[in-house]
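Have a look at the structure below, then the notes.
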Number of protein chains: 2
Amino acid sequence: MTYTIKQVAEKTHLSIYTLRFYDKQGLLPFVSRDRSGYRAFTDGDLLLLHTLSCLKDTGMKISDIRQYMALVMQGPSSIPQRQQLLRAHRNAVLVQQHAIERNLQEVDRKLRLYDSPMATDLVGLELATAREEKIANGLPDPFPKHI
Amino acid sequence: MTYTIKQVAEKTHLSIYTLRFYDKQGLLPFVSRDRSGYRAFTDGDLLLLHTLSCLKDTGMKISDIRQYMALVMQGPSSIPQRQQLLRAHRNAVLVQQHAIERNLQEVDRKLRLYDSPMATDLVGLELATAREEKIANGLPDPFPKHI
DNA sequence: CTAAACCCTAGACCATACTCTATGGCAAGT
DNA sequence: ACTTGCCATAGAGTATGGTCTAGGGTTTAG
């Protein structure tokens, strides 16, 4: 049993365009063609496509995915390089996740401020201070006159 | 005390280019100009730039940051809209973080496979199976003959 | 045998977020 | 005054990751 590009698009939630784009970028060296030149995806191909999606969805760049897929094509001898690539990626993702977590905590702080009963006063004070800071430095006040 | 664009670039680790780009995109409506038309950043501006960085680094799009900054300019009356914007963003980020976590677990699974003592055998078997699947479907074998 | 519904490629186009170049004004030291 | 080093804008260029169109072959149901 093989699948057409349309069937694979439905299964993977990638568009046909994206699948062809990935193929053009060398991300699908494992996909064979039938006698008419049509891509024929096997179940094994779908597994590799799933791996591809995991890498893509964790932010791996196309050039790195291409490299990984090239290593997969080479068979078991490339396992050490695959490990190196995946471990580097895993680390980059974890670093990124922690950075996002930290930044999101600042967003949470803002949300708590806005939720507070004194939010209007505090925000108003902040604005008044910013306004005065501009004026104290001889700068035009960029804030609109509140009506 | 005010800061030039160069000093702000050093403090924020954003490039001068990026700062000017953000201004052009309407992300810095709070920054005033001096008599020469030079941007003069105040300490209050730096706080807003910090907020901007938090939003950017959690993946908020420029158009949404612009909207948030426009709300900030309007003063305390826009607090409800700010909450709505930040909460929507916070949710999107959390969803994204969980998706990444799930996908990273699949990467971890691969890494454990490659770490296992039977890695070579298992990967070799996988490749042999994929190869047979192609042949069984009358397709060319895309894998290189291993030497 | 023909029409509908697929498939293909090449290459143009788009969105996003910068990054840089060209050109010129301003400011401070010598 | 002049050189150095900032500042400004407009607009071109780059990188990334798609998305779509044009032109053409294939397959399948009627």
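The values are calculated or read from the model by the stated rules, or taken from the named source; none is laboratory data. For clarity, every value in this text was computed on a predicted model and none was experimentally measured. When we count neighbours, we look across all protein chains shown, and the Cβ atoms used for this are built from the backbone with ideal geometry, even at glycine. SASA here: full protein model, heavy atoms, side chains in, ligands and nucleic acids out. Shrake-Rupley method; radii C 1.70, N 1.55, O 1.52, S 1.80 Å.
Name the residue, out of B:Ala70, B:Ala88, B:Ala99, that is open to solvent by 50 Å² or more (accessible area, probe 1.4 Å) and of a type in the set (A, V, I, L, M).
Within the list B:Ala70, B:Ala88, B:Ala99, the selection yields B:Ala88.
Which of the residues spanning region B:52-67 are surrounded by fewer than 17 Cβ atoms within 10 Å (Cβ to Cβ) and over 21 Å from A:Pro142 (Cβ atoms)?
Of everything in region B:52-67, those that are surrounded by fewer than 17 Cβ atoms within 10 Å (Cβ to Cβ) and over 21 Å from A:Pro142 (Cβ atoms) turn out to be B:Asp57, B:Gly59, B:Lys61.
Restricted to region A:111-128, and to residues that are open to solvent by 50 Å² or more (accessible area, probe 1.4 Å) and assigned to a helix (DSSP H, G or I), which residue is nearest to B:Val72 (Cα to Cα)?
The residue in question is A:Glu126.
How many of the residues making up region B:1-42 are facing another protein chain (nearest Cβ under 10 Å), more than 10 Å from DNA strand D (Cβ to nearest atom) and open to solvent by 70 Å² or more (accessible area, probe 1.4 Å)?
Qualifying residue count, region B:1-42: 2.
Which of the residues that make up region B:129-147 are in a helix (DSSP H, G or I) and acidic (Asp, Glu)?
Of the residues in region B:129-147, the ones in a helix (DSSP H, G or I) are B:129-136.
If the condition is that a residue be in a helix (DSSP H, G or I) and acidic (Asp, Glu), then B:Glu132, B:Glu133 are the ones that fit.
Tell me, which helices (runs of 4 or more DSSP H) lie completely within region A:1-85 with 2 or more residues that are more than 16 Å from DNA strand C (Cβ to nearest atom) and under 22 Å from B:Asn103 (Cα atoms)?
It comes to A:43-57, A:62-73.
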